[in-house]
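Asker: Below you'll find the structure I mean.
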Amino acid sequence: MEGSRIILRSRGLALLFAALLAVACSAGGDTRPAGADSTASSHPLGGGTGRIAYACEVNYKSALLDICTSQLDGSRRVRVTRARTNEFDPSWSPDGKRIAFRVAPPGQGGTSSLADIYVVGRSGAHRENLTRKPRLGNWSPAWSPDGRQIAFATARPGTDVWLMRPDGRRPRRVTKGGGEYPAWSPNGKKLAFMSSRTDDYEIYVVNLDGTGLRRLTRNPGQDGWPAWSPNGSQIAFTRERVGQEGFDIYVMNSDGTDARNLTRNTGDLSSDFPDWSPDGEYILFSGYDQHQGGAGGIFLMKSDGTERRQLIEGGVTPVWQPAAAHR
């Protein structure tokens, strides 16, 4: 089971690296996002309201990642972090002024070893290490709706979901038996998370005090990376079915019923890391072409899976800036 844990957690960043390398090489070393396709400008949000944060390639030879922000169409890009480390797993603060993210040394891939959680201002100022224990492994930060806590995964001991204040103080354990990639319910009372406490990764929900643990998915493949809809009625997530190559984005009711495949992977595009628009009408996600190479990037679709389009080439793991930042 430990082997499958490492494989799944490594998978996201390993594929992310492959997509970024191919994109950068095909662009002749130009690592700027290519921007939206011709249909993106007609999107009702138009790239003009709000921003997204994502991991962007900065050096295709060393496969280093930084945190970038931009409009939906890739315009007005800001490179928030500039370091000789891999920086990914971004999460906005509720006011949209800060970003929590994961920092791992070059070559660490997506495993939990040697990783810390940092926060930084959206312009790149006031960078701060919150966990300061990289050998324990710290990853997948998620800011609470009220801004008072950050949920994260750590191996101190085991692999579980913990909470801490935004300054890193008062860490406390929530889950026992495995957990990572937590997602807050909109009311801030529950966490959805992925766990390999069974033979496969499944999605669970739990109260903040660790009580009320409930399993939502029962899939013989892998389920992970949950994202709660803004109204709390649905959870988007990534699913790999047995015998399927690649992942799809699914949506289910928040009680685990009525799981629906939105992306319907045909074997070429693998999709993961979903995130909802503040109004719940759209879902961002990462996509990787598993066979052609160079077609990885950030995609957008309506919450029913229609009107799918690629927004940004060469960026992955997107998160939408909270609605409060637009006011």
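Asker: Within segment 198-215, restricting attention to residues that are surrounded by fewer than 18 Cβ atoms within 10 Å (Cβ to Cβ) and assigned to a loop (DSSP other than H, G, I, E, B), which residue is modelled with the lowest pLDDT?
Answerer: Asp199
Asker: Yes or no: segment 146-156 includes at least one residue that is over 23 Å from Leu213 (Cβ atoms) and either surrounded by 16 or more Cβ atoms within 10 Å (Cβ to Cβ) or in contact with a strand residue (DSSP E or B) (Cβ under 6 Å, 6 or more places away or on another chain) (or both).
Answerer: Yes.
Asker: So which of Trp139, Trp162 is in contact (Cβ under 8 Å) with a residue 24 or more places away in the chain, in a strand (DSSP E or B) and over 12 Å from Pro226 (Cβ atoms)?
Answerer: Trp139
Asker: Among the residues of segment 142-159, write down those that are assigned to a loop (DSSP other than H, G, I, E, B) and hydroxyl-bearing (Ser, Thr, Tyr). Outline the logic, then answer.
Answerer: Taking segment 142-159 as the starting set, the residues that turn out to be assigned to a loop (DSSP other than H, G, I, E, B) are 144-149, 155-159.
Those that are assigned to a loop (DSSP other than H, G, I, E, B) and hydroxyl-bearing (Ser, Thr, Tyr): Ser144, Thr159.
Asker: Residue by residue through segment 230-267, note down the ones that are surrounded by 20 or more Cβ atoms within 10 Å (Cβ to Cβ) and either part of a loop (DSSP other than H, G, I, E, B) or of a type in the set (Val, Ile, Thr) (or both).
Answerer: Ile235, Thr238, Gly246, Phe247, Ile249, Val251, Leu262, Thr263, Asn265
Asker: Do we find that Thr154 is over 20 Å from the mean Cα position of the chain (by Cα), more than 18 Å from Thr317 (Cβ to Cβ) and among the polar types (S, T, N, Q) in this structure? Give the steps one after another, and end with the answer.
Answerer: Working: over 20 Å from the mean Cα position of the chain (by Cα): no; more than 18 Å from Thr317 (Cβ to Cβ): yes; among the polar types (S, T, N, Q): yes.
Here the answer is no, as Thr154 does not meet what is asked.
Asker: Next question. Among the residues of segment 141-149, is there at least one that is at pLDDT 95 or above, more than 18 Å from Ile67 (Cα to Cα) and among the small types (Gly, Ala, Ser)? Full working, then the answer.
Answerer: Taking segment 141-149 as the starting set, the residues that turn out to be at pLDDT 95 or above are 141-149.
After this cut, where a residue has to be more than 18 Å from Ile67 (Cα to Cα) as well, the list is 144-149.
Filter once more, so that each one left must be among the small types (Gly, Ala, Ser): 144, 147.
The answer is yes, given that some residue of segment 141-149 is at pLDDT 95 or above, more than 18 Å from Ile67 (Cα to Cα) and among the small types (Gly, Ala, Ser).
Asker: Among the residues of segment 132-149, write down those that are under 19 Å from the mean Cα position of the chain (by Cα) and either closer than 22 Å to Pro105 by Cα or of a type in the set (Phe, Trp, Tyr) (or both).
Answerer: Here is the first cut: in segment 132-149, the ones under 19 Å from the mean Cα position of the chain (by Cα) are 137-145, 147, 149.
Listed by number, the residues that qualify are Gly137, Asn138, Trp139, Ser140, Pro141, Ala142, Trp143.
Asker: Name every residue in segment 74-108 that is in a loop (DSSP other than H, G, I, E, B) and under 28 Å from Pro145 (Cβ atoms), in order of residue number.
Answerer: Going residue by residue through segment 74-108, those that are in a loop (DSSP other than H, G, I, E, B) are 74-77, 80-85, 93-97, 105-108.
Once the filter is applied, which keeps residues that are in a loop (DSSP other than H, G, I, E, B) and under 28 Å from Pro145 (Cβ atoms), segment 74-108 yields Gly74, Arg76, Arg77, Val80, Thr81, Ser93, Pro94, Asp95, Gly96, Lys97.
Asker: I'd like to know if segment 170-188 contains one or more residues that are out of contact with any helix residue (DSSP H, G or I) (no Cβ under 6 Å at 6 or more places or on another chain), in a strand (DSSP E or B) and of a type in the set (A, V, I, L, M).
Answerer: Checked against the condition, which is being out of contact with any helix residue (DSSP H, G or I) (no Cβ under 6 Å at 6 or more places or on another chain), in a strand (DSSP E or B) and of a type in the set (A, V, I, L, M), segment 170-188 yields at least one hit.
Asker: Kindly provide the set of residues from segment 297-321 that are more than 16 Å from the chain's Cα centre (by Cα) and of a type in the set (S, T, N, Q), ordered by number.
Answerer: Within segment 297-321, Ser303, Thr306, Gln310 qualify.
Asker: Filter segment 297-327 down to the residues that are part of a loop (DSSP other than H, G, I, E, B) and within 17 Å of Pro90 (Cβ to Cβ), then identify the one that is modelled with the lowest pLDDT.
Answerer: Gly314
The values are calculated or read from the model by the stated rules, or taken from the named source; none is laboratory data. A quick note: this is a predicted structure, and the numbers were derived from the prediction, not measured. Methodologically, a virtual Cβ is constructed for each residue, glycine included, from the backbone with ideal geometry; neighbour enumeration extends over all protein chains shown.
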